[in-house]
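Bear in mind these aren't lab numbers, they're just calculated from the coordinates by the rules spelled out. Source: prediction; values computed, not measured. Virtual Cβ from ideal backbone geometry, glycine too; neighbours counted across all protein chains shown.
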Amino acid sequence: MTRVRKAVLPVAGFGTRVLPATKTIPKEMLPVFDRPAIQYVVDEAVAAGIEHFVFVTGRNKGAIEDYFDTAYELEASLEAKGKSDILAEVTRTKPIPGSMSFVRQQAPLGLGHAIWCARDIIGSDPFAILLPDVLVQAEPSCLAQMISVFDETGGNVIAVEQVPADEVNKYGIIDPESREGNRIRMRGMVEKPAVDAAPSNLSITGRYILQGSVFDYLADQAAGAGGEIQLTDAMARQMQNQDFHAVEYVGQSYDCGSKLGYLRATMAYARAHRELGDGAQALINEFSGN
Ligand code: G1P
């Protein structure tokens with residue numbers, strides 16, 4: 001079976017829900033404790049064996065490209081001052097040369113359109129999609145759990161989790177057919193259904209392994225929910241002809257698309273930090289009056 005080597009990271013969004021922080025800084029570059037949000041997503045994918053990243057960017061997103069590049073003056077200065085620990089942290093952000101591609105989405109036409117912009121670089125092999133608004137703490141990484149399932153089932157695999165019944169209208173929601181352990185065979189999915197029309201409370205987490213044929217479904221697709229070209233609609237069509245499994249992964253997701261979501265993610269990752277975790281926990285306790 002073809003290995004999942006490439007991942008698409010759509011990063012063209014304006015970050016409207018976290019303005020004004022995102023007025024001049026891409027939201028993916030906002031710090032979640034001591035590193036930009038995007039670093040956690042790349043680390044998750046690398047831990048799952050991803051070798052090539054396709055960033056779908058837009059205007060004012062240059063900081064992302066620069067972050068994954070050499071910072072000559074900075075590195076030279078750290079080296080000259082003998083700050084080898086910090087230098088190691090900084091150089092660790094650099095990927096293997098040639099392992100990142102950047103393609104622009106020129107208009108915000110929806111997630112489906114953003115993914116479609118990566119079609120030439122991805123080709124026809126199965127590939128991963130990671131939405132960088134969502135950070136997932138999991139061991140093995142969320143995408144690694146999905147790849148384990150994909151290696152057995154082939155087809156298409158997406159990550160899902162349960163959400164409160166009154167929040168289903170914020171997510172893509174799956175229509176489950178049958179379940180075996182944490183694996184769910186689906187018969188459909190719908191993007192942001194009304195609360196009383198949702199087929200389940202299992203939401204799409206923002207992690208996907210899809211066959212390259214999804215691009216055929218995206219190519220001719222009309223706008224769906226919210227007037228946007230939706231990935232969920234393309235997958236629902238693809239599902240008529242191909243196997244789709246959902247994995248209720250083991251782990252915890254954090255939605256960095258909102259201000260409180262960022263705060264929650266920041267506290268969670270601070271608490272889990274190798275050296276500073278205890279100090280962070282003490283601060284959190286101080287604020288909660290414990
Ligand atoms: C996107 C997807 C949705 C998914 C969600 C996860 O929606 O379209 O299916 O459940 O991400 O965060 P967005 O949050 O971009 O509106």
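Local charge sum around VAL134 (other residues, Cβ-Cβ under 9 Å, Lys/Arg +1, Asp/Glu -1)? Could you put the intermediate results ahead of the total?
Details: positive: ARG207; negative: ASP133, ASP255.
Net local charge, VAL134 excluded: -1.
For the residue pair ALA222 and ALA47, what label-to-label distance in nm results when each label sits 7 Å from Cα along the Cα-to-beta-carbon direction?
Going from the ALA222 label point to the ALA47 one covers 4.3 nm.
Answer rounded, prolate or oblate for the stretch 178-245, using the Cα gyration tensor with square roots of eigenvalues a ≥ b ≥ c: rounded when a/c is under 1.5, else prolate when a/b is larger than b/c, else oblate.
oblate
Could you quote the convex hull projected area for the stretch 100-184, Cα atoms only and averaged over all directions, in nm²? Present the calculation step by step, with values, prior to reporting the outcome.
On the way: hull surface 30.8 nm².
Mean shadow area of the hull around the Cα atoms is 7.7 nm².
Karplus couplings for the stretch 47-58 from phi (6.51 cos²θ - 1.76 cosθ + 1.60, θ = phi - 60°), rounded to Hz, Gly and Pro as x?
5, 9, x, 5, 10, 9, 10, 10, 8, 9, 10, x
How far apart, in nm, are two points set 7 Å out from the Cα along the Cα-to-Cβ line at ARG5 and at GLU65?
For the pair ARG5/GLU65, the computed spacing is 2.4 nm.
At most 11 other Cβ atoms within 10 Å and a DSSP loop assignment: could you name the trypsin sites (Lys or Arg not before Pro) in the stretch 5-64 that fit? Could you put the intermediate results ahead of the total?
Numbers: sites: ARG5, LYS6, ARG17, LYS23, LYS27, ARG59, LYS61; in loops: ARG5, LYS23, ARG59, LYS61.
Answer in residue order: LYS23, ARG59.
Restricting to DSSP loop positions (anything but H, G, I, E, B) with no more than 12 other Cβ atoms inside 10 Å of their own Cβ, which trypsin sites (Lys or Arg not before Pro) remain in the stretch 208-290? Provide the component values of the computation, followed by the final result.
On the way: sites: ARG237, LYS259, ARG264, ARG271, ARG274; in loops: ARG274.
When the trypsin sites (Lys or Arg not before Pro) of the stretch 208-290 are filtered for loop state and at most 12 Cβ neighbours within 10 Å, ARG274 remain.
Of THR232, THR205, how do they rank once you tally other Cβ atoms within 10 Å and put the fewest first?
On the way: THR232 22, THR205 26.
With the sparsest Cβ surroundings first, the list reads THR232, THR205.
Before anything else, pin down the relative contact order of the stretch 140-290: Cα pairs under 8 Å, at least 6 apart, normalised by residue count, whole percent. Provide the component values of the computation, followed by the final result.
Values: 230 pairs, mean separation 39.2, N = 151.
The normalised contact order for the stretch 140-290 reaches 26 percent.
Going from the alpha-carbon gyration tensor of the chain, what semi-axes, largest first and in whole Å, does one get by taking the root of 5 times each eigenvalue?
Numbers: eigenvalues 195, 105, 72 Å².
Listed largest to smallest, the semi-axes of the chain are 31, 23, 19 Å.
Please name whichever of PRO176, VAL163, HIS113 sits farthest to the positive end of the charge dipole of the chain, dipole taken about the Cα centre and charges placed at Cβ: Lys and Arg +1, Asp and Glu -1.
Value: HIS113.
Choose one answer from ALA159, ALA234, ALA219: the residue with the largest mean-square fluctuation in a GNM of the chain with alpha-carbon springs under 10 Å.
ALA219
For PHE287 and THR16, FRET efficiency with R0 = 22 Å and r from the beta-carbon atoms, rounded to 0.05?
Values: r = 28 Å, r/R0 = 1.26.
Calculated value: 0.20.
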